[in-house]
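Beneath this line is the structure, given in structure tokens, with notes to follow.
The values are calculated or read from the model by the stated rules, or taken from the named source; none is laboratory data. What you see is a predicted model; the values in this text were computed from it and never measured. Heads up, the Cβs are rebuilt from the backbone with ideal geometry, glycines too, and the neighbour counts pull from every protein chain shown.
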Amino acid sequence: MRCPYCGSLDTQVKDSRPTDDSSSIRRRRVCPDCGGRFTTFERVQLRELTVVKKSGKRAPFDRDKLMRSVQVALRKRLVDPERVDRMINGLVRQLESSGEAEVPSEKIGELVMQGLKPLDEVAYVRFASVYRNFREARDFGPLLDELSSEEGGPPPEKSKQDV
């Protein structure tokens, strides 16, 4: 592992332990050349995935890109980062264990929406608005109706005092 401080290729592992959800190994490393200390994470990758985009282009699956898009939807929302990481890990495991080397981007988007809905409804709506390419405010109607019907009925109407 290359040292991020001096670029040396000779770093030493000082401590290894599984993460809380046992989905990766956390390694504490030290560089003998500059004395720099840093942490790396090692994950199991079952297979190389390729994302097939709507245009037909193919790109390697990028877990970090997926995490960034979810974090954009969750911006300024109070959601435990560990829950987000578990959701992403579960999604990636589901994709890798599906047996398919090529995954349509639509499938990834739908899986993210399924994961976000129980995590945070606002983030779910934010992600859906970009994923489904909403153009006008009325495009949100069916999505919000779906959410309110799952909660057991329509949202309460506001009285004149609330406005």
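For the reader, a short list of remarks on this structure follows.
- Residues in region 6-35 that are part of a loop (DSSP other than H, G, I, E, B) and under 28 Å from the mean Cα position of the chain (by Cα): Thr19, Asp20, Asp21, Ser22, Ser23.
- Evaluated against (1) in contact with a helix residue (DSSP H, G or I) (Cβ under 9 Å, 6 or more places away or on another chain); (2) under 20 Å from Ser24 (Cα atoms); (3) of a type outside the set (S, T, N, Q), Ile108 falls short on exactly one condition, (2).
- Any hit, region 14-34, residues being of a type in the set (S, T, N, Q) and assigned by TED's automatic domain parsing to the domain that holds Lys117: no
- Which numbered condition Asn89 misses (of (1) assigned to a loop (DSSP other than H, G, I, E, B); (2) within 15 Å of the chain's Cα centre (by Cα)): (1)
- In region 126-138, the qualifying residues are those that are exposed (fewer than 14 other Cβ atoms within 10 Å of the Cβ) and part of a helix (DSSP H, G or I), and the one that is modelled with the highest pLDDT is Val130.
- The single condition among (1) modelled with pLDDT under 90; (2) closer than 25 Å to Gln114 by Cβ; (3) touching a Leu at 6+ places or on another chain (Cβ under 9 Å) that Met1 does not meet is (2).
A quick yes/no check of all residues on (1) of a type in the set (Ser, Thr, Tyr); (2) closer than 29 Å to Gly7 by Cα; (3) in a loop (DSSP other than H, G, I, E, B):
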| position | (1), (2), (3) |
| --- | --- |
| Thr39 | yes, yes, no |
| Lys54 | no, no, yes |
| Val70 | no, no, no |
| Arg75 | no, no, yes |
| Val79 | no, no, yes |
| Glu82 | no, no, no |
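- Of everything in region 23-72 that is under 21 Å from Val103 (Cβ atoms) and of a type in the set (Asp, Glu), the residue that is surrounded by the most Cβ atoms within 10 Å (Cβ to Cβ) is Asp62.
- Residue among Val84, Val51, Val70 that alone is farther than 19 Å from Leu116 by Cα and not hydroxyl-bearing (Ser, Thr, Tyr): Val51
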